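Below: the structure, in structure tokens.
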Amino acid sequence: MSTTDFKVPVCIGSFIDGQPHLGTGTRLPILNPATDHTVSEFSEAQADEVGLAVTGSRRAFEQGPWPRMSVDERQAVLRSIHQVLLQNAPELAYLECLNTGIVMREIEQRHLRRAALNFSFFADYIGQSSDAVYRQTQGYTTTVMREPVGVAALIAPWNAPLALSSMQIASSIAFGNTCVVKPSEQSPLAVARMIELLCEAGLPPGVVNLVNGRGPVTGQALVTHPEINRVSFTGGTETGRHIMASAAQNLVPCTLELGGKSANIIFASADLDRALDGALLGIFSNNGQQCLAGSRILVERCILDDFMARFVARARALRLGDPMADCTELGPLASRAQMNRVLQFAQQAPAEGCTLLAGGQPAGGFGSGYYVQPTAVLAPDNRCSVARQEIFGPFATLLSFDTEDEALAIANDSEFGLVSYVWSDHLPTVTLMTEGLRTGVVWVNTPMMRELRAPFGGFKNSGVGRQSGTACETFFTEEKAITVPTRAHPLRRLGV
Ligand code: TXE
């Protein structure tokens with residue numbers, strides 16, 4: 001099937017109770033980052049339209065079949081979604097690539113597989129989870145059950161819209177909840193189609209509703225709606241802080257998956273060919289726009305010159321181009337604002353003592369597309385802005401260290417604590433580092449490898465809460481303790 005077979009909608013609206021709902025809100029453009037051309041538009045949901053979506057979700061929760069289905073029935077729908085997403089992968093990948101500039105090969109091989117897997121993973125999980133029974137207190141049995149919490153607000157980012165929003169959707173609905181999804185205003189195209197497909201796969205209407213719009217308008221109305229019971233947010237740290245404060249007004253718990261400035265620590269004792277491949281993948285895959293990017297590359301001083309020369313040569317050789325093309329390794333950034341942000345860091349770095357090793361300029365030959373040259377700087381120390389702030393683009397900051405303790409101190413000297421990477425074949429070094437690193441995930445001798453069974457999430461300003469089967473079950477369910485006496489105990493009789 002050729003990409004021209006896929007229809008791009010003229011305008012995207014909300015999706016409520018299984019039906020498209022085109023409101024009267026402001027029409028805003030949906031852009032192709034590779035060309036800066038408008039490819040579609042969306043209608044921004046105002047508070048009243050957000051209210052309709054939340055009411056639809058509430059009705060589906062209170063009266064609809066989904067929360068009342070047996071686990072077997074819910075599993076069957078989640079597995080059907082897995083199948084339908086894979087069957088429609090070419091169309092979803094096309095829309096995602098068109099709207100985000102993420103390289104098609106990565107969308108097909110990573111994002112879409114993950115999106116489908118998220119649903120089958122939670123189907124498997126709910127088939128195995130169990131309630132707890134306490135019988136330690138003689139004469140009583142106490143059962144602790146978990147029930148769905150109600151309606152979840154899911155706020156998704158623009159750097160991996162399908163992969164990340166599908167995680168939020170699957171992990172909330174698997175436990176019998178309903179939800180309202182708000183994708184990023186920059187990247188609503190593929191998510192809107194995915195949500196239609198959920199219904200086509202057999203999900204009852206109203207279980208997953210969709211609203212589109214900017215954060216302060218649509219997102220804020222959703223997060224603060226009084227009928228919302230949980231908020232799941234993936235995005236920037238400052239936005240996360242604001243969302244959590246807003247949700248706190250209604251005492252609504254939040255899970256926040258935020259930014260990072262992850263250390264990728266390379267020791268002389270590593271397999272340096274693999275470490276080099278891993279470092280390049282860590283910072284340049286997904287166009288450098290990923291929360292788990294290994295954006296601070298810490299290199300043991302005795303191998304610095306050699307490693308740096310090889311890293312820079314490979315970075316310069318990266319194939320920039322049309323994200324739809326098979327040979328492309330690096331596409332455009334997601335927005336003009338993001339491109340300008342990245343370029344500004346490159347511009348300021350020399351004033352802070354950094355040496356520009358590669359890139360730092362807009363990449364020529366791509367018209368008005370948001371392309372930035374693969375960029376690398378050597379920073380004199382960890383205090384520079386490029387070592388502290390999340391840049392979120394194809395921008396590597398290299399630093400050097402002499403000892404394990406120094407590597408650990410630099411790695412941990414960050415407001416973030418999402419992931420870290422260690423490259424060494426020396427077991428005591430690996431042990432020392434994995435025990436000392438203050439991050440939610442540590443990858444040893446491998447680039448990012450997401451094990452869905454294990455918790456994913458960050459220390460410090462990288463987030464609140466975790467994503468895994470058990471963590472999502474805890475977050476998206478309420479516990480209820482039911483105590484029953486095993487025989488008729490004599491009761492103290494009042495008023496006799
Ligand atoms: O994302 P925002 P921004 C980081 C990255 C990037 C920075 C800023 O460093 O440069 O964040 O990105 C919605 N109420 N990450 O500002 O604002 C918004 O509409 C409710 C890391 O573009 O965090 C979108 O749907 N919702 C990251 C979502 O929040 C609000 C992924 C994320 O947008 C809102 C993205 C409000 N008041 C950026 N304001 C990661 N963790 O992977 C905004 N939103």
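The values are calculated or read from the model by the stated rules, or taken from the named source; none is laboratory data. Keep in mind the model is a prediction, meaning the values are calculated, not measured. In this analysis, Cβ positions are derived from the backbone assuming ideal geometry, glycine residues included, and neighbour counts consider all displayed protein chains.
Return the residues of the range 121-166 that are within 16 Å of Ile81 (Cβ to Cβ), away from the ligand (no atom under 16 Å from the Cβ) and crowded, with 20+ Cβ neighbours inside 10 Å; say none if nothing qualifies.
Hits for the range 121-166 are Phe121, Phe122, Ala123, Tyr125.
What pairs can you find where one residue is in the range 288-315 and under 20 Å from Ser420 (Cα atoms), the other is within 14 Å of the ligand (Cβ to nearest atom) and of a type in the set (Lys, Arg), and their Cβ atoms are less than 7 Å apart, with a gap of 6+ or different chains?
Correct list of pairs: Ser295/Lys261; Arg296/Lys261.
For Gly235, work out the one condition from (1) near the ligand (Cβ under 10 Å from one of its atoms); (2) more than 30 Å from Ile12 (Cα to Cα) it doesn't fulfil.
Just one mismatch for Gly235, condition (2).
Looking at Asn250, Asn287, which is the one that is assigned to a loop (DSSP other than H, G, I, E, B) and in contact with a Pro (Cβ under 8 Å, 6 or more places away or on another chain)? Walk me through it before giving the result.
Numbers: Asn287 fails: assigned to a loop (DSSP other than H, G, I, E, B).
When all the criteria are applied, what remains is Asn250.
Give me the residue from the range 383-434 that is of a type in the set (D, E, K, R) and assigned to a helix (DSSP H, G or I) and, out of that set, nearest to the ligand (Cβ to nearest atom). First the steps, then the outcome.
To start, the set of residues in the range 383-434 that are of a type in the set (D, E, K, R) comprises 383, 388, 390, 402, 404-406, 413, 415, 425.
Of the ones still in play, those that are also assigned to a helix (DSSP H, G or I) are 388, 404-406.
Details: Arg388: 12, Glu404: 29, Asp405: 29, Glu406: 27 Å.
Here the answer is Arg388.
Filter the range 167-184 down to the residues that are in a loop (DSSP other than H, G, I, E, B) and either small (Gly, Ala, Ser) or more than 16 Å from the ligand (Cβ to nearest atom) (or both) and list them by number.
Within the range 167-184, Ala174, Phe175, Gly176, Asn177, Ser184 meet the criteria.
Go through (1) more than 9 Å from the ligand (Cβ to nearest atom); (2) over 23 Å from Gln467 (Cβ atoms); (3) basic (Lys, Arg) for Arg214 and report which single condition fails.
(1)
Just checking, does the range 50-71 include any residue being farther than 17 Å from Val208 by Cβ, part of a helix (DSSP H, G or I), out of contact with any Leu (no Cβ under 9 Å at 6 or more places or on another chain) and among the hydrophobic types (A, V, I, L, M, F, W, C)?
yes
Determine whether Met448 is at pLDDT below 95 and closer than 23 Å to Gly260 by Cβ.
Working: at pLDDT below 95: yes; closer than 23 Å to Gly260 by Cβ: yes.
Yes, satisfied.
Consider only pairs whose beta carbons are under 6 Å apart and that are at least six residues apart or on different chains; among these, list those whose first residue lies in the range 438-466 and is over 19 Å from Phe476 (Cβ atoms) and whose second residue is modelled with pLDDT under 95 and in a loop (DSSP other than H, G, I, E, B).
Partner pairs satisfying both residue conditions: none exist.
Sort out which residues of the range 185-211 are within 11 Å of the ligand (Cβ to nearest atom) and either surrounded by 22 or more Cβ atoms within 10 Å (Cβ to Cβ) or closer than 23 Å to Asn250 by Cα (or both), and write them in order of number.
Scanning the range 185-211 gives Ser187, Pro188, Val191, Val211.
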